[in-house]
Amino acid sequence: MIWALLVIIICIAVFYIVRFYSLKADLKKAAKDLKEIQGNPEENRILLLSYPNKEAELLLQEMNTYIRFSKTERIILKNREKQLRVQIENISHDLRTPLTAIIGYLELLEGEGLSAEDKSNLERAGKKAKTLQNLIGNFYDMSRLEMNDYQLHMERIDLARFTEETSLLFYQLFEKRGLLVDFSMEETPLFIMADQAAMERIFNNMLQNALRYAESFLHISVCRTKGKICLIFENDTSVLNEKDIPHLFERFYVQENSRTQQSSGLGLTINKLLTDAMGGSVEATLVQNVLRISYCFEEAEGK
């Protein structure tokens, strides 16, 4: 009788031990599945139990309800974002033609017999119109990049040579601004696969930023770092702090005391989107009031 009772107790203990470890394994698997679902929200998956357990099933049921709700909200948000990008692209496209015509008429008026005051007013109007034209162009390009509708023509580019040639176009502006500009290049050519127009856009945005915000110097270097070819811009600045750095590539982010510079906050956003589209990466750091922005790409193979 005692042996029979002992066997029953042992069986019950084994039963609950098995259930305990089965439930533990199920919860561990559910946690892993939830992490995978979060990483791939597009997949149509739910959390399941391998062994029946009423309380655990209730928990997973609520979690699955939340997963479905979250997925629905994500789809709605994604569709709204897509619609907004399309609207921005359409509006930008519609504004570009009449604005181009306005700028053309302003340029025609420059040749007329105007007083010094009228010429000054006309020059200011032309600058404002071109600023608006650039802003509209940035909106248009940003929407196309975010919708993967921006055509890139990849080719081998000698990044060091490209950097030197492009920088020369800004020489007079740097001199007028009083900026000390120096370069650091490796002697051997460093080739990357990139789109020429996209690289020019990135470079122009960076040089325009330097003209706006650099205090006294701009250092540009091209080097091989950790198996990649990097284009690095460094300049001193007094308008940024550590809190700004994580937000530099966000849309429309403009540091508060930089708003007088008429910056749209889209230049670095577009630079990041272009860099990502070409398979590169970009990183910003700030050390002792020196802003360093690095664009890195895989080295191009072949000749």
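For this structure, a couple of remarks:
Matching residues to (1) modelled with pLDDT of 90 or more; (2) over 10 Å from the mean Cα position of the chain (by Cα); (3) over 25 Å from Met193 (Cβ atoms); (4) buried (at least 18 other Cβ atoms within 10 Å of the Cβ):
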| position | (1), (2), (3), (4) |
| --- | --- |
| Pro246 | no, yes, yes, no |
| Phe249 | no, no, no, yes |
| Phe252 | no, yes, yes, no |
| Thr275 | yes, no, no, yes |
| Thr285 | yes, yes, yes, no |
| Arg292 | yes, yes, no, no |
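- Just one of the listed residues (Ile136, Ile102) is open to solvent by less than 80 Å² (accessible area, probe 1.4 Å) and either within 28 Å of the chain's Cα centre (by Cα) or among the aliphatic types (A, V, I, L, M) (or both), namely Ile136.
- Within the range 264-303, the set of residues being closer than 21 Å to Arg224 by Cβ and in a loop (DSSP other than H, G, I, E, B) comprises Met278, Gly279, Gly280, Ala300, Glu301, Gly302, Lys303.
- Sole residue being modelled with pLDDT of 90 or more and out of contact with any strand residue (DSSP E or B) (no Cβ under 7 Å at 6 or more places or on another chain), chosen from Phe203, Phe217: Phe203
The values are calculated or read from the model by the stated rules, or taken from the named source; none is laboratory data. These numbers were taken from a predicted model, which means no experiment stands behind them. A quick note on method: Cβ atoms are made from the backbone with ideal geometry, for glycine too, and the neighbour counts reach across all protein chains shown. For accessibility, only protein heavy atoms count, side chains too; no ligands or nucleic acids. Shrake-Rupley method; radii C 1.70, N 1.55, O 1.52, S 1.80 Å.
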